[in-house]
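Just below is one structure, and these are the notes that go with it.
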Amino acid sequence: MLHLHRKKTCFINRQTFVTRAGLFLLFGLLFFSQSSLAQKSMTDLNLWDHDSKPYYFGITLGSNMARFQLEQHSRFLQDDSVYTVEPVSSGGFSLGLSATARLTNRFQVRFNPQLIFMERDILYKLKYPNFEGETQTTKKIESVLVSFPLQLKLQSDRIDNFRVYIFTGIKGDIDLASNAREKKAEDLVKIKKYDYGFELGMGFNFFFQSFILSPEIKISNGIRNIHSRDQNLIYSSVLDRIQSRMISFCIHIEG
């Protein structure tokens, strides 16, 4: 009886030991597998510590399509020279810098000064042919803007090396090619030097090993009336308000 009891006790202890050892081995395998997966996931992420930076900088390259938003003057109906006035969209490009500060995990604020080259045209259809025998003429207005946008960004969670964001903000523009003080020729449409407005857009972050590529599209609308109206100029007198409109496609290279 004692022999049998002792053997049975040894059997139970051995079985318990094997069970506990198996559990420890299983937990060990799970722990090391999770550690290896986490390490692999961390090594697969480019710039994995970027979200912990309080601020970062970049450069901006962009193209744009700009036009004027026109509002006719009350004199337009009494004018005997101009039949219709229409804005014409034209392309341009921009160069800039960016500085982004992290507010929270979701929100960032970005300052993105840019030098913008653009052309905005106005097409006039005339009631009678001009001296050149034409019944329509296009006035080309070239601008070189120094733009100062301040934007608030809302970003999504990072999915591997990809992220999407939206933003809105305000801007102030200085037109270095403003002709508001020009006093020549009847066919001039004068544009004021200063403008301000708002912006709205969205973009994507692609994380590479040493930089972030961020293509984005945005709409910029001016609020101020930038028309310096001259009632003595034929093509200026028929217009009251002129506001700026622009759609931009930009690529930010950030670090």
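The values are calculated or read from the model by the stated rules, or taken from the named source; none is laboratory data. No experiment lies behind these values; they were computed from the predicted model shown. Note that we place each Cβ from the backbone using ideal geometry, even for glycine, and neighbour counts take in every protein chain shown.
Per-residue answers, yes or no, for (1) part of a helix (DSSP H, G or I); (2) at pLDDT 95 or above; (3) touching a Leu at 6+ places or on another chain (Cβ under 7 Å):
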{"residue": "Gly58", "(1), (2), (3)": "no, yes, no"}
{"residue": "Ser63", "(1), (2), (3)": "no, yes, no"}
{"residue": "Ala66", "(1), (2), (3)": "no, yes, no"}
{"residue": "Leu77", "(1), (2), (3)": "yes, no, no"}
{"residue": "Asp80", "(1), (2), (3)": "no, no, no"}
{"residue": "Thr84", "(1), (2), (3)": "no, no, no"}
{"residue": "Gly91", "(1), (2), (3)": "no, no, no"}
{"residue": "Leu95", "(1), (2), (3)": "no, yes, yes"}
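Please count how many residues of segment 58-95 are touching a residue at least 60 places away in the same chain (Cβ under 8 Å) and either hydrophobic (A, V, I, L, M, F, W, C) or farther than 22 Å from Lys125 by Cα (or both).
Looking only at that region, the number is 15.
Need pairs with beta-carbon distance below 7 Å; first residue charged (D, E, K, R) and within segment 217-236, second surrounded by 19 or more Cβ atoms within 10 Å (Cβ to Cβ) and in a loop (DSSP other than H, G, I, E, B); sequence gap 6+ or separate chains.
Once the first residue is charged (D, E, K, R) and sits in segment 217-236, its partners that are surrounded by 19 or more Cβ atoms within 10 Å (Cβ to Cβ) and in a loop (DSSP other than H, G, I, E, B) give Asp230/Lys190.
Tally time: how many residues in segment 200-254 are assigned to a loop (DSSP other than H, G, I, E, B) and either over 20 Å from Pro149 (Cβ atoms) or of a type in the set (A, V, I, L, M) (or both)? Give the steps one after another, and end with the answer.
Just the residues of segment 200-254 that are assigned to a loop (DSSP other than H, G, I, E, B), to begin with: 208-211, 223-226, 228-233, 238.
Imposing the further condition that a residue be either over 20 Å from Pro149 (Cβ atoms) or of a type in the set (A, V, I, L, M) (or both) reduces the set to 208-211, 223, 225-226, 228-233, 238.
Residues meeting the conditions: 14.
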